[in-house]
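Engineer: First, the structure itself, so that you have it in front of you.
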Amino acid sequence: MQVGKILFPITTLGPGKRLGIWVQGCNRFCKGCSNPELQIFDESKNVSPDKILEATLNLEFDGVTISGGEPFLQIQDLKALVELYNDAGYEDILIYTGFTLKELTERNDEDINYILSHIAVLIDGAFDINLVDNVPLRGSSNQNVWILNSRYKNKYEVLMTKDKTVDIFCFEDDIHFIGIPFDGYDKLYRKLLTIRRGK
Ligand code: SF4
């Protein structure tokens, strides 16, 4: 599976302290994509789902969020990843995809159906910069938050009443903002980056 980054703890893309896995590669190139560095596929970023599990299981997370890139362009690995985390006791798996739920179910693909029946939430639809709204967890109003496992209904519904926020990860020469962009997000990012780089 091509993986762009794995971060922990993520608190802005689902309830609790989460493990965030961003796959590498997406062919939509949406204007305003918040992860443009994850659009180009890159074989050098291949890592097996087993290795991902092995490298992360010692972290104490409440759930797993898988984004990208486009997770459903790596269906077999995505299925393996969902199965592995399920087997490790994690049911609260949230996946972001540019496909709609309808497009996915209409394919009637065994692996896709398996994934959809073994995750808690799917947030679907490609980001549309003209439809940006202020609803937590999603970037634009064409996207839907599908709660596929009713056991997580309350948790996610409570989260949907909160304000948008971001997690900030500082690296040597870069800053990653994790979360759904809100008004003023770009300005804050540039300001923090300037401070971080001492310019
Ligand atoms: S579908 Fe998501 S990852 Fe792909 S280009 Fe659009 S916003 Fe970016």
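A short reminder: the numbers here are calculations on the coordinates, not readings from a lab. None of these values were measured; they are calculated from a predicted model. We place every Cβ from the backbone using ideal geometry, glycine too, and count neighbours over all the protein chains shown.
Engineer: Kindly provide the pair-distance distribution of region 134-190 built from C-alpha pairs, with 5 Å bins from 0 and whole-percent values in order of increasing distance.
Structural biologist: 4, 16, 21, 21, 16, 11, 7, 3, 0
Engineer: On average over all directions, what projected area in square nanometres does the chain have, based on the convex hull of its Cα atoms?
Structural biologist: Result: 11.2 nm².
Engineer: Moving to a separate point now. Once the mean 1/r over all distinct Cα pairs of region 1-73 is inverted, what Kirkwood radius in angstroms do you read off? Write out the running numbers ahead of the final one.
Structural biologist: On the way: mean 1/r = 0.0787 Å⁻¹.
One decimal place: 12.7 Å for the Kirkwood radius.
Engineer: Could I ask something else about it? Given q = 0.14, 0.17, 0.20, 0.23 Å⁻¹, what are the Debye log10 I(q)/I(0) values for region 83-199, with equal point scatterers placed on the Cα positions and solvent ignored?
Structural biologist: Computed log10 I(q)/I(0) values: -0.74, -0.96, -1.13, -1.27.
Engineer: Taking region 33-124 on its own, what percent of its Cα-Cα pair distances exceed 18 Å? The partial results should precede the final answer.
Structural biologist: Details: 1880 of 4186 pairs.
Value for region 33-124: 45 percent of Cα pairs lie more than 18 Å apart.
Engineer: Which entries in Lys5/Lys155; Lys31/Lys102; Lys153/Lys191; Lys5/Lys162; Lys31/Lys51; Lys102/Lys191 show an alpha-carbon gap greater than 31 Å?
Structural biologist: Working: Lys5/Lys155 26 Å; Lys31/Lys102 23 Å; Lys153/Lys191 37 Å; Lys5/Lys162 26 Å; Lys31/Lys51 33 Å; Lys102/Lys191 40 Å.
Checking Cα-Cα distances, Lys153/Lys191; Lys31/Lys51; Lys102/Lys191 exceed 31 Å.
Engineer: Taking the highest mean first, how do the peptides 88-98, 65-75 order by number of other beta carbon atoms within 10 angstrom per residue? Kindly include the intermediate steps, with their values, before the conclusion.
Structural biologist: Numbers: 88-98: 20.4, 65-75: 23.5.
The peptides rank, most packed first, as 65-75, 88-98.
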